[in-house]
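These notes concern the structure reproduced below.
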Amino acid sequence: MSAPPWRTAMRLRRAAARVPSAGLSLQELAALQGSAAQGSLLLLLAAPCLLPVPGVGTVLGLGLLTLATLLWRGESASLTLPARVAALNLPQRWAARVLQLLSRCHGAAQGLLRERLSRLTPACHEPAPRWLAAKVGLMALLIVLPIPFGNVLPALALMLAGLALAARDGLVLLLALLMAGLATAFGLAVTVMGWIWGSQALGWVWQYLPGPWFGG
């Protein structure tokens with residue numbers, strides 16, 4: 001981060017109390033957060049995915065996929081918000097909640113995170129390892145897919161990864177990978193159960209439909 005976590009947390013907390021009635025765009029939220037580094041962008045794009053705002057998960061998920069592509073190509077120094085994502089406007093209420101959430105995250109970084117196992121985390125403008133890019137891409141895909149409550153665990157995994165990258169805390173990055181595994185398992189389980197229940201419901205409907213409708 002370009003500023004100490006406690007200072008960023010205070011700035012975001014003050015901004016949350018002064019959100020204009022027209023709301024804030026993602027570009028404006030990024031400017032308030034004060035950094036376009038890998039960790040800060042992951043935090044910014046993942047945090048709104050926790051909110052029940054229609055359409056936000058899809059747009060930000062696509063933005064995260066773009067970010068994953070850039071990380072895969074090793075373009076860490078040129079990370080920017082895609083134009084469509086940067087222009088996304090959050091209403092006043094939700095923008096304030098995002099700022100409060102980001103403030104808490106940066107506050108937690110001050111007290112709980114520290115540089116350890118730093119060989120697992122790239123420096124601010126170093127190319128990210130491809131396994132990290134793949135993890136971001138997978139979590140973004142889970143966010144985009146219409147899985148009930150499917151945004152929560154992937155978003156938390158990405159936020160943990162963002163904090164870990166910002167603080168160069170390899171231990172927290174490993175926790176983020178564990179959370180990503182849980183998110184993947186949850187998404188697969190919900191998808192399989194939905195397919196099974198859907199097949200059973202279709203079989204039940206098929207069984208009780210009048211035979212003459214199908215030439216019986």
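Worth pointing out:
- Test: residue in segment 117-126 that is open to solvent by less than 10 Å² (accessible area, probe 1.4 Å) and among the aliphatic types (A, V, I, L, M): no
- Of everything listed in (1) under 22 Å from Gly57 (Cα atoms); (2) crowded, with 24+ Cβ neighbours inside 10 Å, the single unmet condition for Ala164 is (1).
- Just one of the listed residues (Ala47, Ala22, Ala9, Ala15) is in contact with a strand residue (DSSP E or B) (Cβ under 9 Å, 6 or more places away or on another chain) and open to solvent by less than 30 Å² (accessible area, probe 1.4 Å), and it is Ala15.
- Of residues in segment 82-109 being touching a Gly at 6+ places or on another chain (Cβ under 9 Å), open to solvent by 30 Å² or more (accessible area, probe 1.4 Å) and in a helix (DSSP H, G or I), the one modelled with the lowest pLDDT: Arg84
- Residue, nearest to Leu160 (Cα to Cα), within segment 37-72, restricted to residues that are in a loop (DSSP other than H, G, I, E, B) and of a type in the set (Gly, Ala, Ser): Ala37
- Test: residue in segment 169-183 that is open to solvent by 10 Å² or more (accessible area, probe 1.4 Å), closer than 22 Å to Leu65 by Cβ, among the aliphatic types (A, V, I, L, M) and at pLDDT below 85: no
- Among (1) farther than 15 Å from Ser40 by Cα; (2) in a helix (DSSP H, G or I), the one test that Ala155 misses: (1)
The values are calculated or read from the model by the stated rules, or taken from the named source; none is laboratory data. Computed from a predicted structure; not experimentally measured. Positions of Cβ are generated from backbone atoms using ideal geometry, with glycine treated the same way; all protein chains shown enter the neighbour counts. SASA here: full protein model, heavy atoms, side chains in, ligands and nucleic acids out. Shrake-Rupley method; radii C 1.70, N 1.55, O 1.52, S 1.80 Å.
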